[in-house]
Amino acid sequence: MPKRTTNNISKQTCPQCQADRLQRQATGIWECKRCEATVAGGAFEADTGAKETIEKAIREGTEELEEIQEQVIDE
């Protein structure tokens, strides 16, 4: 498998200014060339998908809590 370098990692979208100018500075460190924001991310992509995973866990936990509350109220 060929070695990845910062030259062959595509530019990503900045979460602050939404510009496609986010570039990797080091493993997991990304910097926007437009607004100069520095963000943590994955090694090869700025978005690791963690936000979606956390939102799903919160949503499912909230649903479970609501079900338990309904059971307690019915008793």
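The values are calculated or read from the model by the stated rules, or taken from the named source; none is laboratory data. A quick note: this is a predicted structure, and the numbers were derived from the prediction, not measured. Here the Cβ is made from the backbone with ideal geometry for all residues, glycine too, and neighbour counts use every protein chain on show.
Can you name every residue in region 45-75 that is touching a Ser or Thr at 6+ places or on another chain (Cβ under 9 Å) and either in contact (Cβ under 8 Å) with a residue 40 or more places away in the chain or among the acidic types (Asp, Glu) (or both)? The answer is Glu45, Asp47. Note on region 21-53: residues that are small (Gly, Ala, Ser) and in contact with a Leu (Cβ under 6 Å, 6 or more places away or on another chain) amount to 1. Does region 44-52 contain any residue that is in contact with a Pro (Cβ under 9 Å, 6 or more places away or on another chain), under 13 Å from Gln12 (Cα atoms) and surrounded by 10 or more Cβ atoms within 10 Å (Cβ to Cβ)? Scanning region 44-52, I find at least one residue that is in contact with a Pro (Cβ under 9 Å, 6 or more places away or on another chain), under 13 Å from Gln12 (Cα atoms) and surrounded by 10 or more Cβ atoms within 10 Å (Cβ to Cβ), so the answer is yes.
Okay, residues lined up against (1) modelled with pLDDT of 90 or more; (2) hydrophobic (A, V, I, L, M, F, W, C); (3) assigned to a loop (DSSP other than H, G, I, E, B); (4) touching an Asp or Glu at 6+ places or on another chain (Cβ under 7 Å):
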| residue | (1), (2), (3), (4) |
| --- | --- |
| Lys3 | no, no, yes, no |
| Ala19 | yes, yes, yes, no |
| Arg24 | yes, no, no, no |
| Trp30 | yes, yes, no, no |
| Val39 | yes, yes, no, no |
| Gly42 | no, no, yes, no |
| Asp47 | no, no, yes, no |
| Gln71 | no, no, no, no |
